[in-house]
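Structure, as structure tokens:
The values are calculated or read from the model by the stated rules, or taken from the named source; none is laboratory data. Only a predicted model underlies this, so the values are computations on that prediction, with no experimental measurement involved. No Cβ is skipped: glycine too gets one built from the backbone with ideal geometry, and neighbour counts run over all protein chains shown. The accessibility values were calculated without ligands, DNA or RNA, using every heavy atom of the protein model including side chains. Shrake-Rupley method; radii C 1.70, N 1.55, O 1.52, S 1.80 Å.
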Amino acid sequence: TEAKLKMETVREEAKQKMETVREEAKQKIETAREAAKLRMESQREKAKERLSDIRDKAKQQLAERLAGQFDNLNKKWTDHFIQQLEHYSAVLLKIEERASIASTTGKDIQAATAAIIAAKAAIETARTAVIAQAAKTYVLNSASVTTTSTTTASGQDRLMKGLRTEFQNLHKALFKDLTLLRDGVMKNARAAVRTALETLSKIPKVDDDNDSTDDSDDDSD
């Protein structure tokens, strides 16, 4: 009973800490995005002016949608990454609880504890990288698009060609950054959590005392 009460206290403290980290990460992302938005406001206005030079209204509307989709995609993916990290943290919390229970019965959890610490560090590293990615903007660089007369058919052709090239460059830059994030620190965080689980599972009869100390895990996954 004493062990169960102690575990409930530890679990509650861990959950509160995880919630605090989640809220801090959310606030940091929102702050970073707002700062980036203000920082790039001038460039956004210039981009709008350049797009307004497109005489074909249908093409102009399409270009405006394309110009806005890159930041939206970045927000969608960074939000997704943050959700994944929250899931990893929740899984790691369960692993830590199991290790603590095993410790109360005299089992050696030294290796598991080291793996848990490493996983926490990997998750925090990934979280920091995701927040940095959320602060990035992918705005049309109007300076790279022709500034010659756009009132003629040839001028419109040059304008559309320049915009097409710039949109392609933005697309490549965005997905290069997202891919590096996904295949780098995000992958590392997931692998670290898996390693922690595998390390814990190597402890002989690690779950022998779970039923007697806590029966809440059955509905928690």
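How much length is gained if the chain between Glu19 and Arg194 is pulled fully straight, taking 0.36 nm per residue apart and subtracting their Cα-Cα distance, in nm to one decimal?
Full extension from Glu19 to Arg194 adds 60.8 nm.
Can you list the HN-Hα couplings for the stretch 179-186, worked out from phi with the Karplus curve (6.51, -1.76, 1.60; θ = phi - 60°), rounded to whole Hz and with x for Gly and Pro?
5, 4, 5, 5, 8, x, 5, 5
Could I have the simple spin-label model distance between Gln110 and Lys75, label points 7 Å from Cα toward Cβ, reported in nm to one decimal?
5.1 nm
Below 8 Å between Cα atoms, with a sequence gap of 6+, how large is the relative contact order for the stretch 54-173 in percent?
RCO, the stretch 54-173: 35 percent.
Could you work out the local net charge near Ala122, counting Lys and Arg as +1, Asp and Glu as -1, over the other residues with Cβ closer than 12 Å to its Cβ?
Values: positive: Lys120, Arg127, Lys187, Arg190, Arg194; negative: Glu124.
Around Ala122, the surrounding residues sum to +4.
Under 12 Å from the Cβ of Ala58, count the other residues' Cβ atoms, weight Lys and Arg +1, Asp and Glu -1, and hand me the total.
That sum, taken over residues with Cβ under 12 Å, equals +2.
Taking only protein heavy atoms and a 1.4 Å probe, what accessible area per residue, in Å², does the stretch 85-137 have with all protein chains in place?
Values: 2220 Å² over 53 residues.
Normalised by residue count, the accessible surface of the stretch 85-137 is 42 Å².
If the chain between Glu12 and Lys26 were fully stretched, how many nm would it gain, using 0.36 nm times the residue separation less the Cα-Cα distance?
Residue separation times 0.36 nm, minus the Cα-Cα distance, leaves 2.9 nm.
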